[in-house]
Amino acid sequence: MKAKALGLFLLAFGGGLGYSFYFHVSIPERKQIYTSLILSQQEKKINSAWVLYHYYPFAYFYLFEVGVDHHVYEEGNYVLLNQDDKFFKKKVQQLLGINSFDFTITLNQGAEKNILNSLAGTKFINLHSKSLPLGKVFIDELNYDAFLEGISDPYLRKNTKLSIWLNIFLNLKKDVSTNEFYLKQLKQIFNQLDININYPSFLKLLETFLTQEDYIFYYDKMNFNQIIHRNQEYLVPLSRGNYDKNKIKLVLSNFINEEFKYELFPIDVQIKNATKINRLATKATGVFRYKRLNVIEYLNSNFPLKNSVIVSHVFYPLKENYVKKITKINETYHLIDYNDEFQFSIYLGNDFYGIKNLKQ
């Protein structure tokens, strides 16, 4: 079933369901950083944009969200970088100091639902949408739009959408990396597709993501500042984009010099009791703190769960694996919601291993 779902996904991904690819690069056998511009369009207007930096041949990724509908400084004035701008790509290159993109991927309206249909849907954790019950949900092409529309905050809606697809790709990574047959089938499918892409180049990059267990994934967004210029208010990149350029340069330098390895501790967590057992989160807090989890808060969940889950608000695989080991919870969802207070939310369900002892 997984092999079939993967095959259908790849056919949807490259078979004319709204994705288009552009490239100008072949992948040599040396360490190098590749850049991809990822655009999401609706009614031919850009509504989201990201730049993906990949340090090949390692599975080190840095996804940087570029703002849309803001102003950039050009020739003594501030020019709107809007959704209809045919020079959007060129201006992003200038803003971030990129000579040219190695790949450009455009996701058009309706493509997401077509892929969800090919995958027969996906599991997710709903913490924000009012359109579906809170807790674990199943998202498919029928409820996808309604689910996102049920999130009132536009920024949170966009990041939840991104989170859904990151979870899908991470799950695909697990399926393919555990079975060499899936990888061979993936290559065969890509080689048969009639799309504008350099197959060997793209597959080399894809293979590093799918087959390596150790990966580094950072996610960040552009920083803005409100200014007054000639009696008008503008939202502009901080320090005319230099702040973000320096931040990106530092991350990529850490990739190249392998200085990105973050400290395992502290691990800041939130614990939520998703059962009817009184004070479960409170009792579990002492155990987790003893095992070096820095519990910031503990409280009751506003929805019940049969099975415990971990919600990761960051992409630190080493920390995530430690939390899984300590809690003995394997089901994990990644949710980008810019939570500055804690890195993980631990929802204790009826299957939590400590319930039997903690009841006493």
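Only the coordinates and a few stated rules stand behind these numbers; no lab work does. Given the structure is predicted, the values throughout are model-derived calculations rather than measurements. Glycine also receives a Cβ, built like all others from the backbone with ideal geometry; neighbour counts cover every protein chain displayed.
Name the shape class, rounded, prolate or oblate, that the alpha-carbon gyration tensor gives for the stretch 212-294, where a ≥ b ≥ c are the square roots of its eigenvalues, rounded holds for a/c under 1.5, and otherwise prolate holds if a/b is larger than b/c and oblate otherwise. Don't skip to the end; give the middle numbers.
Details: a/c = 3.89, a/b = 1.68, b/c = 2.31.
Taking the square roots of the gyration eigenvalues as a ≥ b ≥ c, the stretch 212-294 is oblate.
Quick check: pseudo-label points 7 Å beyond the Cα along Cα→Cβ at Lys91 and Glu149, how many nm apart are they?
For the pair Lys91/Glu149, the computed spacing is 3.0 nm.
R0 = 25 Å: FRET efficiency of Lys45 with Asn225, Cβ-based, nearest 0.05?
About 0.50, to the nearest 0.05.
When the Kirkwood hydrodynamic radius is evaluated over all pairs of different C-alpha atoms of the stretch 253-326, what value in angstrom, to one decimal, is obtained?
Details: mean 1/r = 0.0722 Å⁻¹.
This gives a value of 13.9 Å.
Beyond 23 Å, what share of the Cα-Cα pairs of the stretch 209-360 remains, rounded to the nearest whole percent?
The proportion of pairs with Cα distances above 23 Å equals 49 percent.
Nothing charged except the Cβ atoms of Lys and Arg (+1) and of Asp and Glu (-1): what's the magnitude of the dipole of the stretch 301-352 about its Cα centre? Round to the nearest 20 debye.
Value, rounded to 20: 280 debye.
Fewest first, what order do Ser48, Ser239 take by the number of other Cβ atoms within 10 Å?
Neighbour counts put them in this order, fewest first: Ser239, Ser48.
If Lys and Arg each add +1 and Asp and Glu each add -1, what is the summed charge of the other residues whose beta carbon sits under 13 Å from the beta carbon of Asp140?
For residues surrounding Asp140, the net value is -1.
When a/c is below 1.5 the answer is rounded, else prolate if a/b is larger than b/c, else oblate, so apply that to the stretch 85-177 with a ≥ b ≥ c taken from the square roots of the Cα gyration tensor eigenvalues. Write down the numbers at each step before the final one.
Details: a/c = 2.22, a/b = 1.59, b/c = 1.40.
It is prolate, given that a/c is not under 1.5 and a/b is the larger ratio.
Taking the Cα centre of the stretch 233-296 as origin and charging only Cβ (+1 Lys, Arg; -1 Asp, Glu), how large is the dipole, in debye to the nearest 20?
500 debye
May I ask you to evaluate 6.51 cos²θ - 1.76 cosθ + 1.60, the Karplus curve with θ = phi - 60°, for each residue of the stretch 89-100 and list the ³J(HN,Hα) values in order in whole Hz, giving x for glycine and proline?
4, 5, 5, 5, 4, 5, 5, 9, x, 9, 5, 6
With just the Cα atoms defining each centre, how far is the stretch 56-124 from the stretch 270-328? Give it in Å.
Centre-to-centre distance over Cα atoms comes out at 35 Å.
Name the long-range amide H neighbours of Lys45: under 5 Å, sequence gap of 5 or more, or other chain; modelled H, no Pro or chain starts.
Here nothing satisfies the definition.
Rounded, prolate or oblate: which one fits the stretch 28-167, using the alpha carbon gyration tensor with axes a ≥ b ≥ c (rounded when a/c is under 1.5, else prolate when a/b beats b/c, else oblate)?
oblate
Among Pro266, Gly286, Asn223, which residue has its Cα furthest toward the positive end of the charge dipole of the stretch 208-360, with +1 on Lys/Arg Cβ and -1 on Asp/Glu Cβ?
Gly286
Are any of the pairs Lys89/Lys136; Lys113/Lys306; Lys123/Lys173; Lys136/Lys174; Lys90/Lys247 more than 26 Å apart by Cα-Cα distance, and if so, which? If you can, show how the numbers build up before the last one.
Values: Lys89/Lys136 37 Å; Lys113/Lys306 29 Å; Lys123/Lys173 15 Å; Lys136/Lys174 20 Å; Lys90/Lys247 20 Å.
Check vs 26 Å cut-off fails for Lys89/Lys136; Lys113/Lys306.
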